[in-house]
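For reference, the structure is listed below as structure tokens.
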Amino acid sequence: MISNMLKAIALDDEPPALRVITHFCGQVNFIDLQKTFSRTDEAFDYLSANHVDLLFLDINMPSMSGIEFYKAIPQDAMVIFTTAYAEYAVEGFNLSAIDYLLKPFTFERFVQAVHKAKDYQQFLQKSEAPEPPKYLFIKADYSVYKIAFTDIVFIEGLDDYLKIHLEGSKPVVARMTMKGIMEKLPVQDFIRVHRSFIVPFRRVENVRNRLITLAGEEIPIGNSYEKEFFRLFKGSK
């Protein structure tokens, strides 16, 4: 049976931030916020004895950063990082965070993040394997290609076709839409930055003047995707 509720806790050394998360969680019918913590040791003790599905973690805390805390916890839980410091975004996504909320965030942005967590949890519950898939299967040239997510450098849209640029091998060209392939990619690892480009977070090297540098290529950021992208990567331009 698939559970519709996500058990969650929040950790932040600032009580006003915890009140915001508590208020927002109370307006979402699939989030069960069990406890909030302002101390990392108390949160760690709780997680040692109780299972949760989702953590809301502040990154910049005095005794231990949220990133250090997440690496140390004794269970595998989804995480949404919250912080006022955008420069931590890339490291957060390197830990496969579900999302990254830059303070102060709106309720609409919060809802977007927790829906990603809900979708990912449902995917895991439906999957026969305990681990999420690591590969993408694409039909092209009368064949089926098995492509590792980690091998994807970026994806380029060409009218009714996609060109999947890969590390160490020639691109795969397939008849597929950008929307269609986005539905097959892990939401915490890839972002659409232009009507014609999708990039993996882990390969972003630099962002400047609305151009993303990765693997020696410059990828433009489209007007309609700019706000969401820079919400995640503000400060790394």
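The values are calculated or read from the model by the stated rules, or taken from the named source; none is laboratory data. This structure is a prediction, so every number in the text was calculated from the model and none was measured. Here the Cβ positions follow ideal geometry from the backbone for every residue, glycine too, while neighbour counts run over all protein chains shown. Areas reflect the complete protein model, heavy atoms only, side chains present, ligands, DNA and RNA absent. Shrake-Rupley method; radii C 1.70, N 1.55, O 1.52, S 1.80 Å.
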Semi-axes of the equivalent ellipsoid of the range 99-164: what are they in whole Å, largest first, if each equals the square root of 5 times a C-alpha gyration tensor eigenvalue? 30, 19, 11
For the Cα atoms of the chain, what angle does the longest principal axis make with the long axis of helix 40-49, in degrees from 0 to 90, nearest 10? 80 degrees
What size of dipole, in debye to the nearest 20, comes out for the chain about its Cα centre when the only charges are +1 on Lys and Arg C-beta atoms and -1 on Asp and Glu C-beta atoms? 660 debye
Using θ = phi - 60° and the Karplus relation 6.51 cos²θ - 1.76 cosθ + 1.60, list the HN-Hα couplings for the range 20-36 in order, rounded to whole Hz, with x at every Gly or Pro. 4, 5, 4, 5, 5, 4, x, 9, 10, 7, 10, 10, 10, 7, 7, 8, 10
Calculate how large, on average over all directions, the projected area of the Cα convex hull of the range 135-235 is; give the answer in nm² to one decimal. 6.3 nm²
Under a GNM of the chain (C-alpha, springs under 10 Å), which listed residue has the highest mean-square fluctuation: Asp41, Asp12, Asp32? Asp41
Any residue on another chain or 5+ positions along whose placed amide H is under 5 Å from the amide H of Asp32 is listed here as Leu6, Lys7, Ala8
From the phi angles alone, apply the Karplus equation (6.51, -1.76, 1.60; θ = phi - 60°) to the range 192-201 and give each ³J(HN,Hα) in whole Hz, x where the residue is Gly or Pro. 7, 10, 6, 4, 10, 9, 10, 10, x, 3
Return one number: the angle in degrees, 0 to 90 and rounded to the nearest 10, between the long axis of the Cα atoms of helix 107-126 and the longest principal axis of the Cα atoms of the chain. 70 degrees
Of the candidate values (1) 113; (2) 162; (3) 139, the one computed for volume of the Cα convex hull per residue in Å³ from this structure is (3)
Low-density loop cleavage sites - GluC sites (Glu not before Pro) in the range 123-222, where at most 14 other Cβ are within 10 Å (DSSP): Glu128, Glu167, Glu183, Glu205
Protein chains only, probe 1.4 Å: how do Leu6, Leu158 rank by accessible area, largest first? Leu158, Leu6
Helical mean residue ellipticity (222 nm; -39500 (n - 2.57) per DSSP H run of 4+; nearest 500) of the chain: -8500 deg cm²/dmol
Rounded to a whole number, what % of the accessible area of the chain do carbon and sulfur atoms account for, probe 1.4 Å? 49 percent
So for the chain: antiparallel DSSP bridges make up what percent, rounded to the nearest 5? 60 percent
Restraint check, Lys116/Lys184; Lys71/Lys179; Lys126/Lys227, Cα-Cα greater than 25 Å: Lys71/Lys179; Lys126/Lys227
